[in-house]
Amino acid sequence: MDLLNTLVDKGLRHEPPTRSEALAVLATSDDELLDVVAAAGRVRRKWFGRRVKLNYLVNLKSGLCPEDCSYCSQRLGSKAEILKYTWLKPEQASAAAAAGLAGGAKRVCLVASGRGPTDRDVDRVSDTIKAIKEGHEGVEVCACLGLLSDGQAERLRAAGADAYNHNLNTSERTYGDITSTHTYADRVDTVRRAHAAGLSACSGLIAGMGETDEDLVDVVFSLRALDPDSVPVNFLIPFEGTPLAKEWNLTPQRCLRILAMVRFVCPDVEVRIAGGREVHLRTMQPLALHLANSVFLGDYLTSEGQAGRADLEMIADAGFEVEGTDRTTLPEHRAAAGAGCGGHGCGDGDGGDGGVCAGAAPAAGPAAAEAADEGSAPAFADEESAQPVADGGSARGDAAAPAAAAPRTDLVAVRRRGAGTDLAPNA
């Protein structure tokens, strides 16, 4: 297939495809799917080998957000039955992070609901970052606190943060359809503030909100222009109690095509499979590892993920290895340019990131898997980074999706993390 040969050649030179080529990837048929995965897999292996970076979410503050993001279970007016609690203390957050790190996670993502942090909130998070770093050599810490104000990114960097996550989520053209309390430009500004402060930028998208192929390509090219070190790809989890609760537009095949397109557009960037992978990829998750080089371990912000042991077994069975803290995630040409760290002792932080390194990373063993299961981290890395969403009441539709079968909403139930129980945060 001439298209795939062209895309592989460009990807191996870390060059982007044209917009029409990216659209063509999304328009491929199910009969061509394995060819698409194989082609994008060659690009993934060129820059990241067979390594998989594990990330772990700690939800510092859950629920009661004043923003109205349609996909979010923590939004203003949400009727979703989720855990709600105020700020965790630094020692509580550090203990929660320890479970994920014992399971092989290399990065801890500290997430808090809300429009953006106050200066006092930045102080709280700074104390938490220091507590985590004091107890765990080589750990990367990514903060995800919403929109940043003057000087806040610099203060987080000084406290030891390596990265900052803030997703664009969807195209600028359709952003107003999912959120009215802030703008697409606000999000772009926060990513730029993080980057300017020396933090590794982490910014991604949510697929399945009724967007067209053109919207998906637009947001991925916009992300490339911002040059983040990591791009989390979230698949909407339709949460009851949110405006998008009834929208199920994704199939496993559609998800794989989206991941392949992101890999071709961002060949040498850490692509992370984030929220919704268990719900939408299901038994095809191992194929997604040939496209993305990073995943979240354990639970997301307000929904349950796959058990940590199952994640580790899946990675090993698919022939991949867990990336250790002795490895840099990003390829040398990106790491040398000061973009991101992703490894023990590196200078700049990264947002899901890293560098190319040779040699085998130590895989997490059974004991680590037990720790990951028992200390299951909070959901996703950010309302935006990994937040589950639903496709809601929009007339846009997933126009060009060529999937042969309709989404099967009967196959997987959305599991709310700790909802209706007495479980403590991060249990």
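The values are calculated or read from the model by the stated rules, or taken from the named source; none is laboratory data. In this text the structure is predicted, and so the values were computed from the model without any measurement. Positions of Cβ are generated from backbone atoms using ideal geometry, with glycine treated the same way; all protein chains shown enter the neighbour counts.
Some values worked out for this structure:
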| quantity | calculated |
| --- | --- |
| Residues satisfying the stated conditions in the stretch 64-77, i.e. in contact (Cβ under 8 Å) with a residue 60 or more places away in the chain and surrounded by fewer than 21 Cβ atoms within 10 Å (Cβ to Cβ) | PRO66, GLU67, ASP68, LEU76 |
| The stretch 66-107, subset in contact with an Asp or Glu (Cβ under 7 Å, 6 or more places away or on another chain), outside any helix (DSSP H, G or I) and modelled with pLDDT of 85 or more, residue nearest to TYR175 (Cα to Cα) | CYS69 |
| THR325, sole failed condition from (1) at pLDDT below 95; (2) in a helix (DSSP H, G or I); (3) β-branched (Val, Ile, Thr) | (2) |
| Residues satisfying the stated conditions in the stretch 52-71, i.e. of a type outside the set (A, V, I, L, M), in contact with a helix residue (DSSP H, G or I) (Cβ under 9 Å, 6 or more places away or on another chain) and farther than 18 Å from VAL125 by Cβ | SER70 |
| Residue among ARG155, ARG187 that alone is closer than 30 Å to THR251 by Cβ, out of contact with any Gly (no Cβ under 8 Å at 6 or more places or on another chain) and among the charged types (D, E, K, R) | ARG187 |
| Members of the stretch 104-135 that are surrounded by fewer than 18 Cβ atoms within 10 Å (Cβ to Cβ) and touching a helix residue (DSSP H, G or I) at 6+ places or on another chain (Cβ under 7 Å) | ASP127, GLY135 |
| Extreme residue, farthest from ASP218 (Cα to Cα), among residues of the stretch 7-29 that are charged (D, E, K, R) and buried (at least 16 other Cβ atoms within 10 Å of the Cβ) | LYS10 |
| Among (1) touching a Phe, Trp or Tyr at 6+ places or on another chain (Cβ under 8 Å); (2) surrounded by fewer than 23 Cβ atoms within 10 Å (Cβ to Cβ), the one test that PHE221 misses | (1) |
| Helices (runs of 4 or more DSSP H) wholly inside the stretch 248-308 containing at least 2 residues that are of a type in the set (Val, Ile, Thr) and surrounded by 24 or more Cβ atoms within 10 Å (Cβ to Cβ) | 252-265 |
